[in-house]
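Please treat every number below as a calculation from the coordinates, not as lab data. Predicted model, so just to flag it, every value in this text is computed and none were measured. Ideal geometry is used to build each Cβ from the backbone, glycine not excepted, and the neighbour counts take in all protein chains shown.
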Amino acid sequence: METLRNCPLCMSDNTKFLFNSKDFSSNKEEIFSMSKCLKCGVIFLSQRPKEDEISNYYFNDYKPYLGDYNYLVKKIIKKRTLKEIKLFNKLNNSIQDVLEIGCSYGKYLNNLKKYGGYRVTGVEIDEDSCLRGQKEYGIKIKNNILTNVEFPANRFDLIIMNHLIEHLYNPEETIKEVFKILRPGGLIIIKTPNFKTLERKIFKKYWGPYEAPRHLFIFSEKILKKLLNQSGFKTFNVFYEKTPNNIILSLKNYLSQKQRGKKISELFNVNNYFLLALLLPFSFLLGKFKQSGRMVIIAKKPTSVYGDKPKNI
């Protein structure tokens, strides 16, 4: 375990302690601390496992390692994937080579290959997930962290970080590597929690995306744009997801800590049709008014030193 006095993103010592948290997905009683940098604004885990210890906090039932969803969720995922492919091709009509960093066993990559016709590659630190993806989908998945793989420069047209950046000990280093291996005009897609959300104000320390100790950072749109700009990315499109997943997880966290709510909390998961139907309208409103707890930022590597103008969507 390590305690950080300075912000790990900008190295400022002007930080503020927010609260102590626990790992709601385990029975361990370890305490982790959340702090906020008063200079750059990022929220970060200030009492956290060391980098060589963090793998002990990812369990076999951690969501990205799980198997299939139910029929309704599968339909939603397919519809969303087709919509995303249409968007990717609108922003860059010459996409061929796609990389997903932190791809688990490659389910999303397989959908991109299946519906978009892309050539896909993955990077994943969990060895079992790599083997599973290669066996089930025939996808090349590198068992390593991105900065150790040593892809050649200008290798990919599209790089996806799907709820990954909040897990990284050095997000700035990873973003710089992404910029290097993207072709000019290539896109980076980052999906991550958004701390400027009504959800966080409602659920406070029980807010699902805090997810100590696996989430080391929680960003806002402004902070993430600045991080991307510093690495050379120039144009941006931002979306706020209309999904009830964060709300379901937050309610689960809250109820699991109440004596009378422990058994009820087991019903709170994304396979619960009733909860999905009940919370979708509220999630839609949060997304519409940019108050969703999940955001998607799409940035482009300039095709020239003068940069590119963002496309209207």
Highest-MSF residue in the chain out of Arg119, Arg155, Arg80 [GNM, Cα springs under 10 Å]: Arg80
DSSP beta bridges in the chain [antiparallel fraction, %, rounded to 5]: 60
Signed unit charges on C-beta, dipole axis of the chain, positive-most listed residue Val238, Ser12, Gly102: Val238
Which label in [x] 6, 22, 29, 27, 14, 2, 0; [y] 6, 29, 39, 22, 3, 0; [z] 6, 26, 36, 26, 6, 0, 0 gives the computed P(r) over Cα pairs in 10 Å bins from 0, in percent: [z]
Relative contact order [Cα under 8 Å, 6+ residues apart], the stretch 2-300, whole percent: 17
Charge dipole (debye, nearest 20) of the chain; +1 at Cβ of Lys and Arg, -1 at Cβ of Asp and Glu: 1500
Estimated vicinal HN-Hα couplings, Hz - the stretch 281-287 in sequence order (Karplus 6.51, -1.76, 1.60; Gly, Pro = x): x, 5, 5, 4, 5, 4, x
Structure-based [θ]222 nm, the chain - -39500 (n - 2.57) summed over DSSP H runs of at least 4, per residue, nearest 500: -10000 deg cm²/dmol
Integer Hz, Karplus 6.51/-1.76/1.60 couplings in order for the stretch 242-251, x for Gly and Pro: 9, 9, x, 4, 4, 5, 4, 5, 5, 5
Anchor Lys22: aspartates and glutamates whose Cα lies under 15 Å away (excluding residues fewer than 8 positions away in-chain): Glu30, Glu211
Choice from Ile175, Ile202, Ile189 showing the highest fluctuation, given a GNM over the chain with Cα pairs closer than 10 Å: Ile202
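Run the numbers on the stretch 84-136 and let me know its relative contact order in percent, using alpha-carbon pairs under 8 Å that are six or more apart.
38
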Lys140 paired with Asn56, simple spin-label distance in nm, labels 7 Å along Cα-to-beta-carbon: 3.6
Amide H contacts of Thr15 (H built 1.01 Å from N, under 5 Å, at least 5 apart or other chain): Leu38
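Just want the ordering: Thr192, Thr243, from fewest to most Cβ atoms lying within 10 Å of their own Cβ.
The order, fewest Cβ neighbours first, is Thr243, Thr192.
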In Hz, Karplus ³J(HN,Hα) per residue of the stretch 253-270 (6.51, -1.76, 1.60; θ = phi - 60°; x = Gly, Pro): 4, 4, 5, 5, 9, 9, 4, 7, x, 4, 5, 5, 4, 5, 7, 8, 8, 6
Mean separation of Cα contacts under 8 Å (6+ apart) over length of the stretch 189-252, as relative contact order %: 45
Cut-off of 10 Å, at most 14 other beta carbons, DSSP loop: longest stretch of the chain lacking such GluC sites (Glu not before Pro): 151-265
Residues with amide H under 5 Å from that of Ile160, placed H, sequence gap 5 or more: Leu99, Glu100, Ile101, Ile189
For Phe17, Phe179, order by how many other beta-carbon atoms lie within 10 Å, fewest first: Phe17, Phe179
Given Lys140/Lys176; Lys75/Lys288; Lys234/Lys288; Lys86/Lys204; Lys75/Lys204; Lys180/Lys252, the pairs whose alpha carbons are separated by over 30 Å: Lys86/Lys204; Lys75/Lys204; Lys180/Lys252
Amide proton proximity set for Ser292, modelled H, under 5 Å, gap of 5+: Gly287
